[in-house]
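Only one structure is covered here, and it is reproduced in the block below.
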Amino acid sequence: MQTFDLVLVGFGNVGRRFVRLLEERAEVLHGMHGVAWRVVGIATGRHGVARNARGVDVAEALSLVESGGSLDVLDDASSLPGGRPAPSESTVFIEQVTQGLRQLDEARRVVVVETTVLDVRGGQPATDHVRAALRGGAHVITANKGPVAFAYEELRTLAEQAGRQFLFEGAVMDGIPIFNLAARTMPAVEVIGFRGVVNSTTNYIITAMENGREFGEALAEMQATGIAEADASLDVDGWDAAAKAAAVANVLMGARLTPHGVERTGVGHLTGQHVRAVAAGGRRVKLVARGSRENGKVRVAVAPEELPQHDLLAGLRDQQNALILETDLLGELAIVQLGGGLTQTAYALVSDLVALTESD
């Protein structure tokens, strides 16, 4: 049985669903995978922090955050070497907790679970959180696309130098195993290109417009459910899709891109009249992310395309996503997600935690 000390950076919807999912699947994780855990640190932007080397009371932490309270009442700085006051900077918190745990016992298996809100235009604060965790000797698992989209090569190298793992299965398609599929089940296979529909909000909007509704109405509905960002431009202008496409290209094709290096056209100019006219003509509009290798360089683009009805991507409706990998030996492989959401994203973190048992 391997016990992991979890430091949760971000304790919003995904972080809270993650710890609840660990409890719900405890019997399987313990019995079949030999995984045990305790939460030893939680850092939030609005609800304070909590540290306890012996384990934070997770049930109480959930209750406090969901009732609008502060985690500071659970903070036990004295349980770590130095007993320093709670830092205001999240990166300092990560370094203090991870390094303190290692001072208590070098053999402790520390994992930073990063689920903060991301600025897809800059990749922060998640990228700095990953750096701080690796400097502190911790493994990192994250559902954030930012670190992979903006600094994958650097962070991969830092993890190797530290003898730690940097895992991010939930960064692109919730819990669907894109990166593990390639890394674990396709040895000696080269990914030479990809195309996909990877943004749920825009696909929902386009489907709604085909069905007679208008852009603004569909976007407002997605924002009300919490799926679309409050800043609609992240989805509408293609930033989210560009970040995901950059992540895929960096990991699977060895690119060194950021979302700013992705050719990007959003869907804000589309109208219901246009989308319905395309559908009446036997084609369907989709926001497609594409990657290919041209003259030794990886080119990635995101733009609306009019696809024939028989195309797999054309058949995706509402919040459905898909990614088609073009490979040298296996031809095209399609990964389709017919339903995604909070549980699926949290599951990706659980699957990455289990994966650590094979490397730690």
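The values are calculated or read from the model by the stated rules, or taken from the named source; none is laboratory data. Small disclaimer: the values here were computed from a predicted structure and weren't measured. Reconstructed Cβ throughout: ideal geometry from the backbone, glycine too, with neighbour counts over all protein chains shown.
Considering region 77-87 alone, what residues qualify as being over 28 Å from the mean Cα position of the chain (by Cα) and either surrounded by 15 or more Cβ atoms within 10 Å (Cβ to Cβ) or more than 12 Å from ALA50 (Cα to Cα) (or both)? Answer for region 77-87, where residues must be over 28 Å from the mean Cα position of the chain (by Cα) and either surrounded by 15 or more Cβ atoms within 10 Å (Cβ to Cβ) or more than 12 Å from ALA50 (Cα to Cα) (or both): ALA77, SER79, LEU80, PRO81, GLY82, GLY83, ARG84. On the basis of being more than 16 Å from LYS145 (Cα to Cα), touching a Lys or Arg at 6+ places or on another chain (Cβ under 8 Å), in the same structural domain as LYS145 (by TED's automatic domain parsing) and not hydroxyl-bearing (Ser, Thr, Tyr), does ALA171 make the cut? The answer is no for ALA171. Could you list, in sequence order, all residues of region 224-242 that are in contact (Cβ under 8 Å) with a residue 40 or more places away in the chain and either touching a Gly at 6+ places or on another chain (Cβ under 7 Å) or not assigned by TED's automatic domain parsing to the domain that holds ARG293 (or both)? Correct list: GLY238 only. On inspection, VAL97 fails the criterion of being closer than 22 Å to VAL117 by Cβ and without any contact (Cβ under 8 Å) to a residue 60 or more places away in the chain. Say we look at region 118-166 and pick out the residues that are basic (Lys, Arg) and farther than 26 Å from ARG16 by Cβ; which of these is farthest from the chain's Cα centre (by Cα)? Filtering first and then ranking leaves ARG135. Counting only residues that are of a type in the set (Gly, Ala, Ser) and over 27 Å from the mean Cα position of the chain (by Cα), region 55-76 holds 0 of them.
Cβ-Cβ contacts under 9 Å between residues 6 or more apart (or on different chains), taken from a first residue in region 60-79 that is within 11 Å of HIS47 (Cβ to Cβ) to a second residue that is polar (S, T, N, Q) and exposed (fewer than 12 other Cβ atoms within 10 Å of the Cβ), are listed as GLY69/SER63. Of the helices (runs of 4 or more DSSP H) lying entirely inside region 49-143, those carrying at least 3 residues that are out of contact with any helix residue (DSSP H, G or I) (no Cβ under 7 Å at 6 or more places or on another chain) are 58-66, 90-104. Of the helices (runs of 4 or more DSSP H) that lie entirely inside region 209-326, those containing 2 or more residues that are touching a strand residue (DSSP E or B) at 6+ places or on another chain (Cβ under 9 Å), among the hydrophobic types (A, V, I, L, M, F, W, C) and within 21 Å of THR345 (Cα to Cα) span 239-253. Report yes if some residue within region 123-142 is of a type in the set (D, E, K, R) and surrounded by 24 or more Cβ atoms within 10 Å (Cβ to Cβ); otherwise report no. Looking through region 123-142, none of the residues is of a type in the set (D, E, K, R) and surrounded by 24 or more Cβ atoms within 10 Å (Cβ to Cβ).
Scanning region 159-199 for residues that are small (Gly, Ala, Ser) and surrounded by 24 or more Cβ atoms within 10 Å (Cβ to Cβ) gives GLY170, ALA171, GLY196. Looking only at residues in region 328-357 that are free of Cβ contacts under 8 Å to residues at least 40 places away in the same chain and not in a strand (DSSP E or B), the one that is nearest to ARG20 (Cα to Cα) is GLY339. Just one of the numbered conditions (1) touching a Pro at 6+ places or on another chain (Cβ under 9 Å); (2) at pLDDT below 95 is not true of GLN124: (1). The listed residues are ALA277, ALA301, and the only one of them that is of a type in the set (A, V, I, L, M, F, W, C), surrounded by fewer than 20 Cβ atoms within 10 Å (Cβ to Cβ) and under 22 Å from the mean Cα position of the chain (by Cα) turns out to be ALA301. Against the test of being within 22 Å of the chain's Cα centre (by Cα), surrounded by fewer than 17 Cβ atoms within 10 Å (Cβ to Cβ) and either small (Gly, Ala, Ser) or more than 14 Å from ARG121 (Cα to Cα) (or both), the options ALA224, ALA247 yield a single qualifying residue, ALA224.
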